[in-house]
Amino acid sequence: MLERLACSLKMYHGFLTSTIILQSVFIFCKSEKTWMFSVGGNRKPANFIDTDGYLKGADVDLIKSVCEIANKRCEITVQPFEECVRTVRDRIYPGIGIMSKWYDACVGYVSIPERLNSMAFTDAYANAVATFTVLKGNPHNFNPDNVSESVITTLNGLFTSSPCLKRLNKVPKGIIVAADLNKVKDLLNNGSADALFSPRTLIPGYDVLPARYDCTTSGLGMMVRKDNELPGWWNPAFQSFYKSGNYTVWCKSINQKYGGIRIDDSYCLPPPAVKPTASGSGTQPGQIVGRR
């Protein structure tokens with residue numbers, strides 16, 4: 001707010017003095033851009049359209065908090081996830097929205113090698129896990145430790161794709177990429193697939209097996225073009241948010257505030273470590289311990 005006020009005052013003063021000052025002020029003001037974040041709007045409690053028609057969710061709260069710390073002007077837009085990332089012939093590609101600079105960041109995407117080939121990421125703000133989901137009671141006796149005779153379905157655009165399975169040394173008999181969760185349910189119900197491999201930890205009416213898998217380079221972050229400058233200010237602002245303890249309050253209260261799919265215990269980053277005493281040793285305050 002103060003930055004925008006200073007910009008307006010300098011522009012007024014420049015207009016009254018000289019063209020040279022006005023031109024330099026124009027450059028100063030032009031640099032203050034609006035940073036655009038894209039969400040799908042269908043992932044309660046992360047981001048969703050509420051009954052009143054407005055976008056709400058934990059992602060919205062996080063973006064507002066970090067942008068306020070960084071003193072940046074930020075806006076959020078709702079776009080189909082395919083505009084951020086898509087899977088074509090089992091390969092992951094960036095979407096037209098992020099590549100065409102419709103927005104600066106796609107919110108809540110996991111850093112994996114296949115995405116790092118074409119995109120960049122901020123520091124992770126949450127952990128990501130992969131799971132297997134089967135029909136109630138697991139009637140096909142799906143064994144996640146031996147998938148060689150199983151057909152597995154995955155969801156288009158998610159990090160839980162064929163390369164992720166390969167990194168986990170799991171090579172199924174077949175893989176079916178489904179467009180959405182309804183298609184996944186059809187595949188499971190009619191026996192075309194034995195299990196779903198996805199980041200979901202709860203799907204009502206189905207059994208999510210207890211094992212958790214990690215095939216990522218880090219957790220959930222903001223996905224950006226490689227030439228985008230957003231990580232340069234977002235990362236230090238997020239670290240400030242994290243070290244203040246407000247991150248832990250935000251993350252631990254997500255389900256209480258918004259309901260929706262239950263946040264898995266492994267989702268939140270661990271709280272900032274306590275500063276060691278002079279005679280001790282260990283993690284410095286605010287350093288994120290665990291997977292990054």
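The values are calculated or read from the model by the stated rules, or taken from the named source; none is laboratory data. Quick caveat, the model's predicted, so the values are computed rather than measured. Heavy atoms of the whole protein, side chains included, go into the accessibility calculation; ligands, DNA and RNA do not. Shrake-Rupley method; radii C 1.70, N 1.55, O 1.52, S 1.80 Å.
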*Quick one: grab the alpha carbon gyration tensor of the range 80-126, order the square roots of its eigenvalues as a ≥ b ≥ c, and give me rounded if a/c is under 1.5, else prolate or oblate depending on whether a/b is larger than b/c.*
oblate
*Summarise the accessible area of the range 92-184 (1.4 Å probe, protein heavy atoms) by the percent that is carbon and sulfur.*
50 percent
*Under a cut-off of 29 Å between alpha-carbon atoms, report the lysines in cross-link reach of residue 243, not counting same-chain residues fewer than 8 places apart.*
33, 44, 56, 64, 72, 226, 252, 257, 275
